[in-house]
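Only one structure is covered here, and it is reproduced in the block below.
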Amino acid sequence: MNKIKRSSFIKTMFAGAVALHLPFIYSCNTNDIDGVTIIINKDKYFINIIDLKLIFDVLLPQSAIAPSANSLKADIYMFWLLADDRVDLTRRKTLASSINRINVFSKEKFNSNIQQLSNIELEEVVQMVSITSWGETDLSLLMTVCFEAMFANPVYNSNTDYKGWQWLEYNGGIPYPNKLNKYPEILQINHLK
């Protein structure tokens, strides 16, 4: 039987304890999971990652000159927003339920969920959603996530290759945040003073 060194054991346990306290979306790649359940103000929301990425592909598709929402990792940015208690509660709840509402709409109009639609049908669903009483708000919030991801500093795990900044010829605020002084950690530093 192999003996484990005490220091190795403690380091492993410490790393595991830290990992358990991180929002799981930062510790995994959303390409490897189908969906995420998020709790916002005691309400549970399931967000299908594939559906989210398909909608983002319609809202901000890849083009010859511009990055797509998915290349900007807007999905990761959205989950970061949803986990932030400082973000407006109504915004978070609307975002968390938007993909499911669009999918329900798709089933009503096309008798198919989002993943079974052709690209043309999906674009048609998004266009039809945009003229509903709730759809304009949902799509506007989703587009805002795409734009915010485009401007986000890579320290927040979106816009990781500065694709958005390069396309916009934008230079982020200097000095760039690091893991210790990024939002919301910077608020804790100021609070301690």
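Brief remarks follow.
- Residue count for segment 127-145, restricted to those that are closer than 25 Å to W80 by Cβ and either more than 22 Å from the chain's Cα centre (by Cα) or surrounded by 20 or more Cβ atoms within 10 Å (Cβ to Cβ) (or both): 5
- Odd one out for A15 among (1) over 19 Å from the mean Cα position of the chain (by Cα); (2) of a type in the set (G, A, S); (3) modelled with pLDDT of 95 or more: (3)
- Filter result (more than 11 Å from the chain's Cα centre (by Cα) and either under 23 Å from V125 (Cβ atoms) or in contact (Cβ under 8 Å) with a residue 12 or more places away in the chain (or both)) within segment 79-100: D84, R86, L89, R91, R92, K93, T94, S97, S98, I99, N100
- Count of residues meeting criterion [part of a loop (DSSP other than H, G, I, E, B) and of a type in the set (A, V, I, L, M)] in segment 127-143: 1
- Residues that are surrounded by 15 or more Cβ atoms within 10 Å (Cβ to Cβ) and either hydrophobic (A, V, I, L, M, F, W, C) or in contact (Cβ under 8 Å) with a residue 24 or more places away in the chain (or both), drawn from segment 102-112: I102, N103, F105, F110
- Residue identified as closer than 21 Å to L117 by Cβ, aliphatic (A, V, I, L, M), within 13 Å of the chain's Cα centre (by Cα) and modelled with pLDDT of 95 or more among L72, L52: L52
- Residue, nearest to the chain's Cα centre (by Cα), within segment 105-125, restricted to residues that are more than 21 Å from F79 (Cα to Cα) and of a type in the set (V, I, T): V125
- Scanning segment 163-177 for residues that are assigned to a loop (DSSP other than H, G, I, E, B) and either of a type in the set (G, A, S) or surrounded by 15 or more Cβ atoms within 10 Å (Cβ to Cβ) (or both) gives G172, G173, P177.
- Condition check for S158 on (1) outside any loop (DSSP other than H, G, I, E, B); (2) modelled with pLDDT of 90 or more: one failure, at (1).
- For segment 123-133, the set of residues classified as modelled with pLDDT of 95 or more and out of contact with any Leu (no Cβ under 6 Å at 6 or more places or on another chain) consists of E123, E124, V125, V126, Q127, M128, V129, I131, T132, listed by residue number.
- Scanning segment 91-101 for residues that are under 15 Å from K42 (Cβ atoms) and either crowded, with 17+ Cβ neighbours inside 10 Å or of a type outside the set (D, E, K, R) (or both) yields R92, A96, S97.
The values are calculated or read from the model by the stated rules, or taken from the named source; none is laboratory data. Small disclaimer: the values here were computed from a predicted structure and weren't measured. Note: ideal-geometry Cβ built from the backbone for every residue, glycine included; neighbour counts use all protein chains shown.
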